[in-house]
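The values are calculated or read from the model by the stated rules, or taken from the named source; none is laboratory data. Given the structure is predicted, the values throughout are model-derived calculations rather than measurements. For neighbour counting, all protein chains shown are included, and Cβ atoms are generated from backbone atoms with ideal geometry for every residue, glycine included. Areas reflect the complete protein model, heavy atoms only, side chains present, ligands, DNA and RNA absent. Shrake-Rupley method; radii C 1.70, N 1.55, O 1.52, S 1.80 Å.
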Amino acid sequence: MAAPAPAPASRPAPAPVNEARVFRPEPAAPSRTPPREPSTVTIKEGTTFSIRLGEGLSSDRNRSGDEFTGTLEQALVVDDLVIAERGAHVDGRVVESQLAGRVKGLAHLSVELTRLHTADGQKIAIRTSPYAQDGPTSKKEDAAKVGAGAAIGAIIGAIAGGGKGAAIGAGVGGAAGGGTVAATRGKPVVLPVETHLTFRLEQPVTITEQLRN
């Protein structure tokens, strides 16, 4: 009689699955937002720029073509976009510089803006109407010089020859005073550093925003 077949060995029960170890793929990364299109704005003709000079200018020292710098007194905002912040740099140049004449003619100085430094780092060429200023007149001072010369001449004439000498001396003194005036150049135009100037844009300027990566 054949021996009974051995009973199959019992298998151990499977260990409970640890949910923390089950492979779960990471959710798909959200699609990247497409880059924003740069904004384009136009600064209209007639827009004003209020600035403060970054350096002093003078009709005695500066010549046509000299460049200067300044800063915006107020932010430049177009279509709710800040094109240039307060304190942004601007560049300009001397349009005309004229010395005062020794006999007649006032000193003259005119300047304009040429570039605007924007908030995104661009240097935009602009054209503005010039700011112009004439030197102060010296009529009162000239009259005082002539009068002083005549008075001194009259005193000298009186000492030298009495009444008639006084008249002659006054004429000579007046002529001398007039000569002093003729030999003295008029006062220059001076725009100290931090002078507040206002310019008006003569031509519209279109700017496209420079996006940073």
* Net charge near Ser39: determine it from the other residues with C-beta under 12 Å of the C-beta of Ser39, scoring Lys and Arg +1 and Asp and Glu -1. => -4
* Structure fact -> So, over other residues within a Cβ distance under 15 Å of Gly121, counting Lys, Arg +1 and Asp, Glu -1, the net charge is -1
* Asked: Label-point separation (nm) for Glu194 and Arg32, each offset 7 Å from Cα along Cα-to-Cβ?
  -> 4.9
* Accessible area of the range 72-125 divided out per residue, in Å², using a probe of 1.4 angstrom -> 54
* To do: With a Förster radius of 25 Å, plug the Cβ-Cβ distance of Gln203 and Glu55 into 1/(1 + (r/R0)^6) and report the FRET value to the nearest 0.05.
  => 0.45
